[in-house]
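The values are calculated or read from the model by the stated rules, or taken from the named source; none is laboratory data. Since we're looking at a predicted model, the values are computed, not measured. Note that we place each Cβ from the backbone using ideal geometry, even for glycine, and neighbour counts take in every protein chain shown. Side chains are part of the model used for accessible areas, which takes the heavy atoms of the whole protein and leaves out ligands, DNA and RNA. Shrake-Rupley method; radii C 1.70, N 1.55, O 1.52, S 1.80 Å.
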Amino acid sequence: MRTDVRTTTTSTSTAIAAIAAVRNLGILAHVDAGKTTVTERILYLTGETHRRGEVHDGTTVTDCHPQERERGITIFAAAVSCVWEGHRINLIDTPGHVDFADEVERSLRVLDGAVAVFDAVAGVEPQSESVWRQADRHGVPRIAFVNKLDRAGADLDTAVASIRERLHPAPLVVQLPIGREDGFTGVVDLLTLRALTWDDGPDGDGFREGPVPEGLRAEAERRRGLLDEAVAGLHPAALEEYVEHAALSTATLAAALRDLTLGGEAVVVLCGSAYRNRGIEPLLDAVTAYLPSPLDVPAVRGAAGTGEATAGDVEAGEVERAADPDGPLTALVFKVSVGAFGRLTYLRLYAGTLRKGDTVLDAGSGRTERIARILRVQADHIEAETAVAGDIVAVVGVKAARTGATLCAPGAPVVLEPVVAATPVVTAAVEARRTVDTDRLALALARLVEEDPSLVVRTDPETGQRVLSGLGELHLEVAVEKLRRQGLEVSAGRPQVAHRETVERGVTGHVHRHVKQDGGAGQFAHVVLDVAPLEEAPQGGAAGEERGGFAFASTVTGGRVPKEYVQAVEAGCRDALADGPLGGHPVTGLRVVLTDGATHPKDSSELAFRTAGRLALREALRACRMVLLEPVAEVAVTVPQEAVGGVLGDLAARRGRVQGSAPHGGTAVVTAVVPLAELFGYATALRSRTQGRGTFTTRPAGYAPVPGAAR
């Protein structure tokens, strides 16, 4: 018995030590800052690949989708795994284009740390700022890597100044470049005051460590002193040593840098040139030294429940699941994709151990799923028998779990906070060019939404169009291209706008006499109608009712029109609302009053009065002054203060009515009501006017008259 206890304790200790050596990190940056190149160099240096992948050659591991290679940008977040100095690094290369920000959001939900990559020439770019704010919301610790120091105009100090000014952390630079622009050959490590240089061979693999060049020694010592002073001002323990010795030891400085990184008070800044393979080894060392392991982050919180419980409908309350391999299994689905291995479900394990062949519970839906295979997400997926807390893996066999689902032990159900998809802002109508592709298109669209929850598909009930909505025009373009690559002939264009018609000036005393006699029982109905705009119509009248922008009332007395016939007249009027006189659009915003009528003892019926009501209202509408209405949306645009003028002018050009502008933390929030038809393409125009820093949200705000469209 004692031997078993010792064996179990030793096994658990080994598992805990393995978790402590895990780093789950993402690579974040603006488009073309070098994220994918950094990822490829990491895979190459850690031995996962045997040649360097290049974006311009289409040979990268993470940008493996044909569209990514053709466009030269990252579109889909890609997970890979490698080992560096005894540490397992699970790395997610995220997109940099604003249209794919939701991929970044889902990745940050499961990451413990991140490397933010900045262009040494451009510094902090718009999307760099956006992904930095996303990481702030998720509380993800970061280190910064200033890339492309070999470019003309590259300057580390300028890039660091932009980090300080636009992102507002305390940047702590731990390296000094050796050489400038094309002469950049290495860095001085300010912690050890040693020079790290790379040769100019074809692969730039000649990494050497040596003394600081004589011409840089004074500058390196000065910068080390500034680093010590900055760290002492932020870290209490370092301050004590600094006060006593006027300097910090290497061990104290390294420990303080880690504490400040984990707490978010500062960001460690490194530099290099990923394309020329310079600076990647120190970056990997910094990742393992400063970024957290799964044991360093707070335990994940979830709602305890069983069966079909959800995060908001739980009786047992909140529970915590720490990164314990012996705890009950708790994992979050953060990505679903269909590829060469079939349906892959990507999981972040927060607690417990997952084994091949296990049955797990989808806590949200109450379904059970069987894990057929577990794959390590390396350059080439490698099958594994188990995965433990802290791991990021892909599994095969999960058939129904969607992004945001919690997979857990059937005996200890828990629902984690789901991944919330962003609200779509751009819409396009998608239809199959061939009738035989209609059903296939529906299935393909459902698969698209399953893989990317930020896409929304719906069928417009009025126009009958199938509408695809996303986060930007490029987002939709990529989605439609994926459909075409599946052999579907589809067309995509601007969706139709559902107009309405309404009454601007009504008529009174409109008489309609419906008589039909063709042998046998005939049809007879006599009605007199008043039609008026809904907001101007007089109140009162029997059976007055307002539903969906239409109100009907009857003022007939003396039983001239029986009650059942009054109801038939109302039904006929509602039938007439389906198509108005201006363009066959639905009619809304009117009140109809039945003021008089007559019946026939034999030929009157509900059918006759329903027909009379429909024909009478159609005739009356042709006599009214009608106005065409268009759907409008309330738009809230968040932009930098300096871009407000251009945004206001653009909204005015789109026939928008600005309702207000309020400052909000260095930005301005402009609210306006804009015709929906004028918002197609607005996402691209806004980004162009604000250098990609502007965002907007919309919500329906009813209908408004179309200028000049009245009869």
Among the residues of the stretch 379-408, count how many are farther than 18 Å from Leu361 by Cβ and in contact (Cβ under 8 Å) with a residue 60 or more places away in the chain. 6
Answer residue from the stretch 235-265, given it is open to solvent by 70 Å² or more (accessible area, probe 1.4 Å) and aliphatic (A, V, I, L, M) and is farthest from Val174 (Cα to Cα) among those: Val243
So which strands (runs of 3 or more DSSP E) are wholly in the stretch 641-711 and hold at least 1 residues that are touching a residue at least 12 places away in the same chain (Cβ under 8 Å) and surrounded by fewer than 12 Cβ atoms within 10 Å (Cβ to Cβ)? 657-664, 695-710
Starting from the stretch 177-188, keep only residues that are open to solvent by 40 Å² or more (accessible area, probe 1.4 Å), then list their pairs with residues that are aromatic (Phe, Trp, Tyr) whose Cβ atoms are within a distance under 8 Å, requiring at least 6 positions of separation or different chains. Thr185/Trp198
Among the residues of the stretch 421-428, are any out of contact with any Lys or Arg (no Cβ under 7 Å at 6 or more places or on another chain), open to solvent by 70 Å² or more (accessible area, probe 1.4 Å), modelled with pLDDT under 90 and not basic (Lys, Arg)? yes
List pairs: first residue in the stretch 269-289 and farther than 16 Å from Leu172 by Cβ, second residue open to solvent by 10 Å² or more (accessible area, probe 1.4 Å) and in a helix (DSSP H, G or I) anywhere in the structure, Cβ distance under 6 angstrom, at least six positions apart or on different chains. Ala274/Thr37; Tyr275/Thr37; Ile280/Leu45
By residue number, the members of the stretch 271-301 that are open to solvent by 10 Å² or more (accessible area, probe 1.4 Å) and not β-branched (Val, Ile, Thr) are Tyr275, Arg276, Glu281, Pro282, Asp285, Ala289, Tyr290, Leu295, Asp296, Pro298, Ala299, Arg301
Of the conditions (1) closer than 19 Å to Val338 by Cβ; (2) open to solvent by 40 Å² or more (accessible area, probe 1.4 Å); (3) of a type in the set (Asp, Glu), Glu450 satisfies every one except a single condition; which number is it? (2)
Go through (1) open to solvent by 20 Å² or more (accessible area, probe 1.4 Å); (2) at pLDDT 90 or above for Leu621 and report which single condition fails. (1)
Looking at the structure I just gave you, is Arg376 open to solvent by 20 Å² or more (accessible area, probe 1.4 Å), farther than 26 Å from Ile19 by Cα and touching a residue at least 12 places away in the same chain (Cβ under 8 Å)? no
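Conditions (1) more than 30 Å from Ala33 (Cα to Cα); (2) at pLDDT 95 or above; (3) more than 28 Å from the chain's Cα centre (by Cα), marked per residue:
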| residue | (1), (2), (3) |
| --- | --- |
| Ala286 | no, yes, yes |
| Pro294 | no, no, no |
| Val300 | yes, no, no |
| Ala309 | yes, no, no |
| Gly317 | yes, no, yes |
| Glu320 | yes, no, no |
| Pro325 | yes, no, yes |
Residues of the stretch 480-519 being at pLDDT below 85, open to solvent by less than 50 Å² (accessible area, probe 1.4 Å) and aliphatic (A, V, I, L, M), which ones? Val497, Ala498
